[in-house]
Amino acid sequence: MKKYRKVLTVLLLVTFLALVTTGCGGDGSSDTTVKVGVILPLTGSEAMFGEMEKNSFEMAYEELKAAGKTTVGGKEIKLMYEDDQGKQDVARSATEKLVNQDKVAMLSGGYSSACTNVIAGSAQNANVPFLIVTGSSDDITKQGWNYVFRGTAAPASKYTGAFWDMMEKVVDPQSVAIIFENTDFGTSSSKGFRTECQKRGINIVFDQAYEHGAIDFKPMLANLRSTNPDMIFATSYVMDASMIVKQMKELDFNTKLFVGNGAGYTMPEFYQNAGAASDFVASTSLWVPNVTWPGAKDYFEKYKQKFGKEPDYHGAQAYATMYVIADALGRATDLTNAGIQKALKQADIQTIMGPIKFEDWDGFTNQNKPNTYVVQWSKGKLEVIWPEDVKSASYVYPVPKWSER
Amino acid sequence: MLNKKNMLMTIVFALIALVLPLVINAPYQQHILILVLIWATIGTAWNLLSGYAGQVSFGHAAFFGVGAYSAGILTLHYSLSPWWGLILGPVMSMLIALPIGAIAFRLRGPYFALATLALGEIFRLVFLNMTEFTNGAKGILIMPSITSKIIYYYAGLGMLAVTLLVTYLIVHSKIGYYLVSIREDQDAATSLGIPTTLYKNLALLPSAFFTGLAGAFYMNYVAFIDPNIVFNLTNISIMVILVVMLGGVATTWGPTIGAALYIIMGELFRTTLGSANVLVFGVLVCLIIMFLPNGIAGELDIIKRIAQRKKAGLSGGV
């Protein structure tokens, strides 16, 4: 019947039109640029972080450009951003586009663990080097994938290096409670923490996941209080993090120490939302502006001035990653995928996140050994309290009760 | 039934689909086509239950996710190729469809929709929390053994073809007429002696089967799943509804057209419009649904009828 023909015509027209249009877009591959694909969540629920990372990439790029480091072997480095919308099949589409159509020399980006997993798998398949910015699920660098590199991000289970050092020397808790958001990051990091507790014979009295984005934590906190732990270890993003500490204050629930596992607990928004309840909350962190690595403070001030917002470690990760990219491309003997892979493998560069080298250790491949810190909020300021040689303030432990503040 | 002309068009259509990846020999475009095939399959499967039988499901992510996890768990726990999931996945989806049907078919209209929505979410939470068995939120990551897009394309095409054929045969058999009668007036259908619950199940089971098949295929192709992805309410359950509404509810080709439009437009906007892409896409989808309420395929039928100035036949144009 004619219906078929019409339907068919429309379908084919649309398909071809779309494919031709997208096909033309990327075919301007000239010999004067080295393309670097950057996949970040620029829309959707993670857009806040994606935006910060994109800004930081741009900032680093401009600085490098001013220093003449964005031209390698007579070619200009060109950053091509793709939005993954925080969805992993879109991340896959973005990877396919960058690799096959734009023919990028290497990939970077990767915010959520799910998206990073998918990008890493596709990049490894296509033998295109992929330098991860944030995605921190342990598994990603445990696959033996030689084209996947993770420099500025620690595996989620290793966020706690400095923290355990401090536990041994200062806190020595007898009982701990673990709460975490039910995501890849939350599960990975609490798993690492749990194993470490068992190894050290610390009694875990409470261990519960909660739904990411929940609003009422009081039932969980009430149960938690009845177990009376010395310390609480929490993994949450920013809204949940502020809700939890605020509701603890409302319940007048005191512990000797509340430790967040990076993410929400170190963001400026945490203080803005939680207000005074944020005081004395400690957190593990991969980076803080007043850390002693050269350039860290400058980056923080410059970003704040330029974009009117304070960046956190996510921005620093992107900023440092751009420097690693420029360094590797500058050293690569030839700008092929294999050449860049080799240059990345040999990287040894000082960044605002500390020195970065891609090593194979503990089952990880091409994984930088992370520098970690313990920070503590003090009247809206985030102070480094551990390791002691880089601290910006002394720790407060045990923290004062709510009623005594 | 298929008449000669009809058959001819289908063959031409099939031939074009067969040579398409050879003409467009670029992995990125082939990737988009594979996504279209996956969504066309899910759409066609959803259409059988919700389009023809009128039982609007907001929980198809449950079937999709169970299919995907069947393939993933085979690899995770039993070190089998995830391709076996293409057999196990649909069967598992059908098995879970039985209790879902038993619960949800007691309800009608919006209550049925709400029940399926809740059931879909229950599956997400169960898979998220059964960490020993499903790896929880960490998801399942596999390294695919086949990397050639062509193979996935043809496998996906085969999957869609089977789905279309089975749906077509069901809809054009006695069952199909019973289903439409249930959609139009369930009480009247019951009064005529149609065992409505049985026939609703006869729509649900193949619908779950093919959605599960698409899920297992998705696991093989994308190579990473976690519960928040494959049991997602908005990105799976609601998206399939949009895909079918865009293409045409209760039409043979509607879901396929809808999937092609939805995926290709979404990708075009994403690559060209920067951060505004989701907004523009959303507005456009709203406009299409407002002005072409029967979807592209549905409205074409009306346009054709007006052009021919003939007496209108049965609505819904199967």
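The table that follows gives values for the structure above.
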quantity	calculated
Taking the convex hull of Cα positions in segment B:218-262, its mean projected area over all directions (nm²)	3.5
Rg/Rg_globular for segment A:82-209, with Rg_globular taken as 2.2 N^0.38 Å and Rg from C-alpha atoms	1.26
Label-to-label distance, nm, for residues given as A:K142 and B:I87 (7 Å Cα→Cβ offset)	3.1
Fully extended contour minus Cα-Cα distance, from A:M48 to A:Q272, at 0.36 nm per residue	79.1 nm
Debye log10 I(q)/I(0) for segment B:39-93, one point scatterer per Cα, at q = 0.18, 0.23 Å⁻¹	-0.62, -0.83
Nearest-0.05 FRET efficiency for B:I289 and A:L251, computed from C-beta distance (R0 60 Å)	0.80
Two-site label geometry, B:V166 and A:V205: point separation in nm, points 7 Å out along Cα→Cβ	5.5
Residue-averaged [θ]222 nm for the protein assembly as shown, counting only DSSP H segments that reach four residues, each worth -39500 (n - 2.57)	-17500 deg cm²/dmol
Sites matching trypsin sites (Lys or Arg not before Pro) across segment A:71-143 that sit in DSSP coil, with at most 10 neighbouring C-beta atoms within 10 Å	none
Relative counts (whole %) of C-alpha pair distances in segment B:26-240, using bins that are 10 Å wide	9, 36, 34, 16, 5, 0
Equivalent ellipsoid, the protein assembly as shown (semi-axes from 5 times Cα gyration tensor eigenvalues, Å)	48, 32, 21
Stokes-Einstein D (µm²/s) once Rh is taken as the Kirkwood radius of segment A:282-405 over alpha-carbon pairs, at 25 °C in 0.890 mPa s	149
Zero-based 10 Å bins, Cα pair distances in segment B:134-194, whole percents	18, 22, 21, 19, 18, 3
A:E168-B:L22 FRET efficiency (beta carbon distance; Förster radius 56 Å; 0.05 resolution)	0.30
Residue exposure sequence - B:I263, B:I225 - by fewest surrounding Cβ within 10 Å	B:I263, B:I225
Mean Kyte hydropathy of -0.5 or more with a Cα span along the axis of at least 30 Å, helices from DSSP in chain B	B:109-129, B:149-171, B:196-222
Separation in nanometres of the label points that stand 7 Å from Cα toward Cβ, at B:K5 and B:M143	5.6
Cα centre as origin, Lys/Arg/Asp/Glu Cβ charges: the protein assembly as shown dipole, Debye	2360
Chain A: C-alpha pair distances exceeding 42 Å, %	17
Hypothetical label at A:T292: residues of segment A:358-392 whose amide nitrogen lies under 11 Å (7 Å Cα-Cβ projection)	A:387-392
Options B:T251, A:A153, B:W84, ranked by Cα towards positive dipole end of the protein assembly as shown, top entry (Cβ charges)	B:T251
Ascending count of other beta-carbon atoms within 10 Å, so fewest first, for B:L128, B:L242	B:L242, B:L128
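Taken together, the values in this text are just the output of simple stated rules run on the coordinates, not laboratory data. Everything numeric in this text was worked out from a predicted model, so none of it was measured. Backbone-built Cβ (ideal geometry, glycine too); neighbour counts: all protein chains shown.
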